[in-house]
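The values are calculated or read from the model by the stated rules, or taken from the named source; none is laboratory data. This structure is a prediction, so every number in the text was calculated from the model and none was measured. Neighbour counts run over all protein chains shown; Cβ positions are idealised from the backbone, glycine included. Surface areas here come from the heavy atoms of the whole protein model, side chains and all, with no ligands, DNA or RNA. Shrake-Rupley method; radii C 1.70, N 1.55, O 1.52, S 1.80 Å.
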Number of protein chains: 2
Amino acid sequence: MDNKLEMIDFIEEGPKWFLPNLSVDCVIFGFHKNQLKVLLNRWKKVEGWCLPGGYVMRDESVDESAKRILKERTGLSKIYLQQFYTFGEPDRVKSLAMERDQFSQIFEKEIKPDNWMFDRMVSVGYFALVEYSKVKPKPDTLSDKCEWCDITAVPQLFFDHNQILQRALKELRFQTFHHPIGFNLLPEKFTLPELLGLYETILGRKLDRRNFQKKILSFNILKKLDERRNIGPHRAPTLYSFDKQQYSKAMKEGLSFMF
Amino acid sequence: MDNKLEMIDFIEEGPKWFLPNLSVDCVIFGFHKNQLKVLLNRWKKVEGWCLPGGYVMRDESVDESAKRILKERTGLSKIYLQQFYTFGEPDRVKSLAMERDQFSQIFEKEIKPDNWMFDRMVSVGYFALVEYSKVKPKPDTLSDKCEWCDITAVPQLFFDHNQILQRALKELRFQTFHHPIGFNLLPEKFTLPELLGLYETILGRKLDRRNFQKKILSFNILKKLDERRNIGPHRAPTLYSFDKQQYSKAMKEGLSFMF
DNA sequence: TTTTAATTGTGTATATAATACATTATAGTT
DNA sequence: AACTATAATGTATTATATACACAATTAAAA
């Protein structure tokens, strides 16, 4: 879909390559300056925001579609990715039909009302946890922007994407209780106060700094480094990284995480 | 699909009414004689077992499809039903293609290899918890049997249905830790030893009878009745039922259940 | 009628984990 | 060297989980 010709093929013959009526939407979380972020796409012309998504190719698994979409938007592979829910209300893309004219604008070609793109879509939702600094957001061919958006300042999105986001957020919070997945949002080296901030942001409440430290260290999934981070006129916090071995062990066992 | 004519229409024109490439599979759990059960369908002629499933009608939500399938197999509505995973491997119904001849047998009509039924299927998995005694299993038009099967004696199933079942079981166990969903498997009146047996079966390990009782009662979701169950030459256990109000409150809050 | 065996119902003592809060250590500034 | 802000560690208290003991109850057997 890199040139216009391929785009026209896509419009006319999409279901030849993709499964019709099925899509994948990705909620890509990042963490920066103590704020939780989501990656959003902005469509050309109509200038509306939505979650990165796409179709499932006929020879790839739904998981692989999500990975592909994620790679296209972020440039990253091998990241924490998890299916969380499938959205199957028949009217969930009602607004898509309403935007039909605008679609024709975006594609610079008239798209007939009975085109497969305006048919009903069931969408499989995935959420991903990525290291903010490693991501170079890339818009897709239909979008002019792909940007991080603070979770507290998400605008109205197309279709049911606000609901999908809310559900992903709920899932993220829930899983944070049981698995140490939050680490995927941090860089390789981080301080305990930073980790605390992450957990407080995800869970939406304050935690006791001292008890947090005690507990997180008791899981033995952190390696204390011989480095510190200078953060101003006071004691410099120690840097930590995972013990990947212990970490994956903890993931499997799902230690009695957490608060 | 009650007569042959409609079945032929179904074969030739299925996607007119259903979404192609998408199906729903239901793992219906029951509990009887201290054993966890699943409801299985047996196909005519080929005599192989599989999970009850079906297609998604164009005007119904995926949730509604699951409800409809459940109602058709069990006669029940208003039961505990939950989507748990979507299975999207491209080869997950490979064996279906292999059974093509047998399919033609079942339908008593030749089905061409390029028929939509042999195309790739992405399936949304649901699990349901039902009261065993209330269910009158009904086979569908393709099946000659619909029966309860002990979870420890499940035969090899068609497609990836064994995997789907395993995943549902895992999900049931996990959720049992956090929500009192297990009650949906019991009749309206039950004894604490029966409830204990249910939890032990689901979790796959022994629990301390006395501590279990203390904890379960501490949640205040049970009503002690003025009745007992006679079960032999020893003390008769008291019957309990839910406090539905407290129960639904507990479900929302997801009290720090459990073991 | 008494005994017996099996199972329910309740209690308590101990171990483990969660929480609250106090104190000391340290980097940089004044 | 004193000051300030935050990191790091420790302890006392409370709550929860676990282990285990014993009395109560039922119906069948003696």
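Taking every residue in A:9-19, how many Cβ atoms of other protein chains lie within 10 Å of its Cβ, on average?
Values: counts 0, 0, 0, 0, 0, 0, 2, 0, 0, 1, 10.
Mean partner shielding for this stretch: 1.
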- Query: About its Cα centre, what dipole magnitude does the protein assembly as shown give when the only charges are +1 on Lys and Arg Cβ and -1 on Asp and Glu Cβ, stated in debye to the nearest 20?
  - Reply: 3140 debye
- Task: Place the peptides B:19-26, A:143-150 in order of packing, highest mean first, counting for every residue the other Cβ atoms within 10 Å and averaging per peptide.
- Result: B:19-26, A:143-150
- log10 of Debye I(q)/I(0), alpha-carbon scatterers only, for segment B:187-253 at 0.27 Å⁻¹: -1.31
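For the protein assembly as shown, how big is Rg over Rh, using alpha carbon atoms and the Kirkwood form of Rh?
On the way: Rg = 25.8 Å, Rh = 25.8 Å.
Rounded to two decimals, Rg over Rh is 1.00.
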- Query: If you take the beta carbon distance between residue A:217 and residue A:80 as r and set R0 to 35 Å, what does 1/(1 + (r/R0)^6) give as a FRET efficiency, to the nearest 0.05?
  - Reply: 0.95
- Note on the structure: Over all viewing directions the Cα convex hull of chain B casts an average projected area in nm² of 15.3 nm²
- Item | Along principal axes, Cα extents of segment A:1-115, largest first, whole Å | 45, 32, 32
- For residue B:153, inter-copy label distances in nm, listed shortest first [label point 7 Å out on the Cα-Cβ vector]: 6.3
- Task: Step through the residues of segment A:216-232 one at a time and calculate ³J(HN,Hα) from phi using the Karplus curve (6.51 cos²θ - 1.76 cosθ + 1.60, θ = phi - 60°), rounding each to whole Hz and writing x for Gly and Pro.
- Result: 5, 6, 5, 7, 6, 10, 10, 10, 7, 9, 8, 10, 10, 10, 7, 10, x
- Task: Go through B:182, B:56, B:23 and say which Cα lies farthest out towards the positive end of the charge dipole of chain B; charges sit on Cβ, +1 for Lys and Arg, -1 for Asp and Glu.
- Result: B:182
- Tell me, what ³J(HN,Hα) does each residue in segment A:22-27 have, in order and in whole Hz, if you take phi through Karplus 6.51 cos²θ - 1.76 cosθ + 1.60 with θ = phi - 60° and put x for Gly and Pro? 10, 9, 10, 10, 10, 9
- Query: Which residue is it, in chain B, whose C-beta lies closest to the B-to-A rotation axis, and what is that distance in whole Å?
  - Reply: B:86, 2
- Once both label points are put 7 Å beyond Cα along the C-beta direction, the residue B:245-residue A:8 separation in nm becomes 6.8 nm
- Query: Taking the alpha-carbon set of segment B:86-136, what are its Rg and Dmax in Å?
  - Reply: 15.3, 42
- Item | Separation between Cα centres of segment B:194-230 and segment A:23-80, rounded to whole Å | 45 Å
- Copies compared at residue A:108 - label distances in nm, ascending, label defined 7 Å from Cα in the Cβ direction: 5.9
- Message: Just the number please: accessible area per residue for the protein assembly as shown, 1.4 Å probe, all protein chains included, in Å².
- Response: 51 Å²
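Can you give the convex hull volume of the alpha carbon atoms of segment B:47-158 per residue, in Å³? Don't jump to the answer; show the numbers that get you there.
Details: hull volume 14.5 nm³, N = 112.
Dividing the Cα hull volume of segment B:47-158 by its residue count gives 130 Å³.
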- Nearest-first distances (nm) between copies at residue B:33, label 7 Å from Cα via Cβ: 6.7
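Calculated FRET efficiency, residue A:144 and residue A:188, Cβ-Cβ r, R0 41 Å, to nearest 0.05?
On the way: r = 33 Å, r/R0 = 0.80.
E(calc), rounded to 0.05, equals 0.80.
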- FRET efficiency, residue B:91 to residue A:72 (Cβ-Cβ, R0 25 Å, nearest 0.05): 0.55
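Return the carbon/sulfur percentage of the accessible area of segment B:4-176, one whole number, probe 1.4 Å, all protein chains in place.
Details: 3830 of 7900 Å².
After summing per-atom areas, the C and S share lands at 48 percent.
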- Query: Per-residue HN-Hα couplings for segment B:56-73, Karplus 6.51 cos²θ - 1.76 cosθ + 1.60 at θ = phi - 60°, whole Hz, x for Gly and Pro?
  - Reply: 9, 5, 5, 10, 10, 6, 4, 4, 5, 4, 4, 4, 5, 4, 4, 5, 5, 7
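Which whole number gives the average count of other chain Cβ atoms within 10 Å of the Cβ atoms across peptide A:56-62? Write out the running numbers ahead of the final one.
Values: counts 5, 1, 4, 3, 3, 7, 6.
So the per-residue partner count for this stretch is 4.
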- Task: Provide a whole-number value for the mean count of partner chain Cβ atoms within 10 Å of the Cβ atoms in peptide B:83-89.
- Result: 6
